[in-house]
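Novice: First the structure, which I've put down as structure tokens, then a few questions once you've had a look.
The values are calculated or read from the model by the stated rules, or taken from the named source; none is laboratory data. Please read all numbers here as calculations on a predicted model, not as lab measurements. Heads up, the Cβs are rebuilt from the backbone with ideal geometry, glycines too, and the neighbour counts pull from every protein chain shown. The protein model used for the area step is the full one, side chains on, heavy atoms only, and it has no ligands, DNA or RNA in it. Shrake-Rupley method; radii C 1.70, N 1.55, O 1.52, S 1.80 Å.
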Amino acid sequence: MKQRVNKLDLDNINLALDVNEKALREEIRDGRLSAQTSIGEVVTATVGSGSAVSLVSSIGKDVTSVILTPGDWDCTGVVGYSFAATTSYTWVVAAINTTSNTIGTAGVNYAAFTTPAAVPTAATFQEWITPRVRISIAATTTVYLIARAIFTVSTLDAFGSILCRKVREL
């Protein structure tokens, strides 16, 4: 099923989210943060179109990630694709997974769009929303927003945002 967000401009998302995420990562790494967090806590990470990651055809690529503490989390995300003038694509994916650069299972970890070879207009963005993914973890874990595409001729970059909300303590 194709899911699309129109006119998404991730470069203008509140930068305070990035600052909070960086602070959380430092506190976890340095042992200053308790493993317990509150139900309803939200953790986010964003990579704007100006900092998009380059893709290699048919290979999953981490766009961004968040660090989650033990418990159950509902995560969702959006992956934006930035096409060069002559890039032709047939398949794009937006995924959330606990394994780096791995998209997982269709309909569970990722949403995909398949099309006959298509060449979008140069410098256009297309965005796809991930399914909501329940992440149940017993230890602090990194969760990844992943892009994957099959494309030819030119280049394709990905950017996006992931949001996870804690729904249950362990």
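Novice: Mind listing the Cα extents of segment 119-170 along all three principal axes, in Å, largest one first?
Specialist: Here the spans come out as 48, 15, 13 Å, largest first.
Novice: A further question on this structure: Taking a probe of 1.4 Å, how large is the accessible area per residue of segment 53-170, in Å²?
Specialist: Per residue, segment 53-170 has an accessible area of 39 Å².
Novice: List the residues, sorted by chain then number, that are 5 or more residues from residue 41 or on another chain and whose placed amide H is less than 5 Å from its amide H.
Specialist: For residue 41, the qualifying residues are 166.
Novice: Ranked highest first by average number of other Cβ atoms within 10 Å, how do 73-79, 164-170 line up? Write out the running numbers ahead of the final one.
Specialist: Values: 73-79: 23.1, 164-170: 15.4.
Answer by packing, highest mean first, reads 73-79, 164-170.
Novice: Counting alpha carbon pairs within less than 8 Å and at least 6 residues apart, what relative contact order, in whole percent, applies to segment 43-107? Present the calculation step by step, with values, prior to reporting the outcome.
Specialist: Working: 40 pairs, mean separation 21.7, N = 65.
Rounded, it is 33 percent for segment 43-107.
Novice: Any idea what the alpha-carbon Rg over 2.2 N^0.38 Å comes to for segment 38-170? Could you put the intermediate results ahead of the total?
Specialist: Numbers: Rg = 15.0 Å, N = 133, 2.2 N^0.38 = 14.1 Å.
Normalised by 2.2 N^0.38 Å, the Cα Rg of segment 38-170 equals 1.06.
Novice: Quote the relative contact order of segment 77-146 in percent (integer), defining contacts as alpha-carbon pairs under 8 Å separated by 6+ residues. Intermediate values should be presented prior to the final figure.
Specialist: Numbers: 138 pairs, mean separation 33.1, N = 70.
47 percent.
Novice: At 0.36 nm per residue, minus the direct Cα-Cα distance, what do residue 86 and residue 169 gain on full extension? Give it in nm, one decimal, please. Don't skip to the answer; put the middle values down first.
Specialist: Working: separation 83, 0.36 × 83 = 29.88 nm, distance 4.84 nm.
This chain segment gains 25.0 nm when fully extended.
Novice: Tell me, what ³J(HN,Hα) does each residue in segment 60-66 have, in order and in whole Hz, if you take phi through Karplus 6.51 cos²θ - 1.76 cosθ + 1.60 with θ = phi - 60° and put x for Gly and Pro?
Specialist: For segment 60-66, the Karplus curve yields x, 9, 5, 8, 7, 7, 10 Hz.
Novice: Packing-wise, with mean Cβ within 10 Å as the measure, how do 144-150, 38-44 rank, highest first? Please list the in-between numbers first.
Specialist: Details: 144-150: 24.9, 38-44: 13.7.
Highest-to-lowest ranking by the protection proxy: 144-150, 38-44.
Novice: Between residue 136 and residue 114, what length comes free when the chain is fully extended (0.36 nm per residue of separation minus the Cα-Cα distance, one decimal in nm)?
Specialist: On the way: separation 22, 0.36 × 22 = 7.92 nm, distance 2.99 nm.
Using 0.36 nm per residue and subtracting the Cα-Cα distance, I get 4.9 nm.
Novice: Out of 117, 136, 149, whose Cα points farthest toward the positive end of the dipole of segment 111-170 (charges: +1 Lys, Arg; -1 Asp, Glu; placed on Cβ)?
Specialist: Projecting each Cα onto the dipole axis, the largest value belongs to 136.
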